[in-house]
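The values are calculated or read from the model by the stated rules, or taken from the named source; none is laboratory data. Everything numeric in this text was worked out from a predicted model, so none of it was measured. When we count neighbours, we look across all protein chains shown, and the Cβ atoms used for this are built from the backbone with ideal geometry, even at glycine. Surface areas here come from the heavy atoms of the whole protein model, side chains and all, with no ligands, DNA or RNA. Shrake-Rupley method; radii C 1.70, N 1.55, O 1.52, S 1.80 Å.
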Amino acid sequence: MMLLCSANPAQEAQIKWGENMERIKNLILYRKFEQGKILEDISWLIEHYDGAENRDNVQSMLYECFHRLIELSASHGFEGNLWQNYLTFLLVNHENAYSTSCEMKGEIPGSINDLALHDFAIFKELFDFDFQEMEKSLGIEEWHILKNYIRSDRNGNVFNHRIRDRICALSVRLEQTESVEEFKEEVTEFYREFGVGKLGLHKAFRVEHKDAGVQIVPIANIAHAHLDDLVGYETAKQKLVDNTEAFVQGKQANNCLLFGDAGTGKSTSIKAIINQYYDQGLRMIEIYKHQFQDLNDVIAQIKNRNYRFIIYMDDLSFEEFEIEYKYLKAVIEGGLEKKPDNVLIYATSNRRHLVREKFSDKEERDDELHTNDTVQEKLSLVSRFGVTIYFGKPDKKEFQNIVRELARRYQISMEEETLLSEVNKWELSHGGLSGRTAQQFINYLLGKQ
């Protein structure tokens, strides 16, 4: 235990924390942090640094903590007080009975608030701890750098700047709190506004099958598409918006299939939806055809959270020999377990009925006793999408309108007659008339400027 003879206020605070250091083992809700090694080591150092027998080992341990804090800053883009950023990072990422109940809802009633207050009291002491005495005792001078850390130009590859800035801003507010109750209010308000853990902080996710089972992994950077970026297709976009708004508002909504010609904006529309409704609690999980057998495990992980999830399947289609669509049919509708109200499936496809159909199918059906059964088997999947939205290839006039609008947005300096003449040549060898072809042409012009 740390023993100090002086009775000045700063040292009394050090004594108080040293005597109560074992309290971190008494955390009730906030336990087993995924990146809690720094917390454990610095907590031990706070108690044992003064009078330690092996001073060199204690110094080495503290420098190792410095190293890990700096590495965390580099990967996540933190700056300012790295110790307080780290503690804030632990709080906003820890999913427990209190934090998940408060996400997107705010403060909740019940005894759990007393338990949360107990844990936040420990965290506030960690926030308020003055490391100056430790610096003097161990003869180090680098702590002030970590207290006022200025990051390099790198923004980090784990969080995008939006998430990083919110965590750093919360860290500053927590440092300024004068009571445990105020500390608790700030954290709870963050949970209400932004959520908690990976599902709260990130917009979009992918699915990975690892040794530990099916895991939902955040996608740090997604395209910042907006529906206005897609020129035309107003009716189709409005239909998608109406269904999504009903969903995020807790009303009845349908699974949605966007089908039609390639390059017409189906995937762009889906990406725009998540950007538009993220702040209202909408999240998106991208899943591929070979992962359909993991759908039940994915849904089990998200069904009791306070967010709305769209399971996104891009470019969905099946050959006759592929049976993965049977997993999808059972999950969407038909299994014993009801699909959760906070989950919808959005898919894009170039095929109206998803499963490949051929003229030879009719000849083969002539030999069957029940030809209608084969037809129904192929149509049964698409019928489970209550909303189907068609994105057709633009005609020549619509295509030219798209090019004009994109040229205006990107400030392409070219006579309209020349612009349209050049794009007519371009589309003949680059995929024909589509919004994608128009965008690629504009990118080509921007590259030449």
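Sort out which residues of the range 405-418 are assigned to a helix (DSSP H, G or I) and surrounded by 11 or more Cβ atoms within 10 Å (Cβ to Cβ), and write them in order of number.
Scanning the range 405-418 gives GLU405, LEU406, ALA407, ARG409, GLU416.
Which of the residues spanning the range 136-148 are over 13 Å from CYS65 (Cβ atoms) and not basic (Lys, Arg)? Listed by number, the residues that qualify are SER137, GLY139, GLU141, HIS144, ILE145, ASN148. Exactly one residue among GLU357, GLU363 is part of a loop (DSSP other than H, G, I, E, B), at pLDDT below 75 and over 30 Å from VAL248 (Cβ atoms), and that residue is GLU357. Of all residues in the range 381-404, those satisfying the criterion of being open to solvent by 40 Å² or more (accessible area, probe 1.4 Å) and within 38 Å of the chain's Cα centre (by Cα) are SER383, ARG384, GLY386, THR388, TYR390, LYS393, ASP395, GLU398, ASN401, ARG404.
Considering only the range 419-438, how many residues are under 13 Å from THR264 (Cα atoms) and either hydroxyl-bearing (Ser, Thr, Tyr) or open to solvent by 50 Å² or more (accessible area, probe 1.4 Å) (or both)?
Quick first cut of the range 419-438, residues under 13 Å from THR264 (Cα atoms) only: 431-438.
Remaining after also requiring either hydroxyl-bearing (Ser, Thr, Tyr) or open to solvent by 50 Å² or more (accessible area, probe 1.4 Å) (or both): 431, 434, 436-437.
Result for the range 419-438: 4.
Among all positions in the range 95-117, there is at least one residue which is buried (at least 20 other Cβ atoms within 10 Å of the Cβ), charged (D, E, K, R) and either touching a residue at least 12 places away in the same chain (Cβ under 8 Å) or outside any loop (DSSP other than H, G, I, E, B) (or both). Which of the residues that make up the range 249-264 are of a type in the set (A, V, I, L, M) and either open to solvent by less than 10 Å² (accessible area, probe 1.4 Å) or within 22 Å of TYR277 (Cα to Cα) (or both)? The answer is ALA253, LEU257, LEU258.
Every condition in (1) in contact with a Leu (Cβ under 7 Å, 6 or more places away or on another chain); (2) touching a residue at least 60 places away in the same chain (Cβ under 8 Å); (3) closer than 30 Å to PHE309 by Cβ holds for LEU45 except the one numbered (3). All of ASP242, ASP315, ASP279 fail the test of being surrounded by fewer than 16 Cβ atoms within 10 Å (Cβ to Cβ), within 28 Å of GLN439 (Cβ to Cβ) and at pLDDT 95 or above, apart from ASP242. Looking for something in contact with a Phe, Trp or Tyr (Cβ under 7 Å, 6 or more places away or on another chain) and of a type in the set (Phe, Trp, Tyr) - is there at least one such residue anywhere in the range 265-284? No. Selection of the range 89-111 for residues being aliphatic (A, V, I, L, M) and under 20 Å from TYR307 (Cβ atoms) yields LEU91, VAL92, ALA97, MET104, ILE108. Restricting attention to the range 1-40, the residues that are open to solvent by less than 20 Å² (accessible area, probe 1.4 Å), in a helix (DSSP H, G or I) and modelled with pLDDT of 90 or more add up to 2. Counting the residues of the range 230-272 that are among the charged types (D, E, K, R) and closer than 25 Å to LYS105 by Cα gives 3.
If you filter the range 64-94 down to residues that are assigned to a loop (DSSP other than H, G, I, E, B) and over 19 Å from the mean Cα position of the chain (by Cα), you find that the one that is surrounded by the fewest Cβ atoms within 10 Å (Cβ to Cβ) is GLU79.
Listed here are the helices (runs of 4 or more DSSP H) enclosed by the range 120-215 that have at least 2 residues being within 30 Å of LYS271 (Cβ to Cβ), open to solvent by less than 80 Å² (accessible area, probe 1.4 Å) and without any contact (Cβ under 8 Å) to a residue 12 or more places away in the chain: 161-176.
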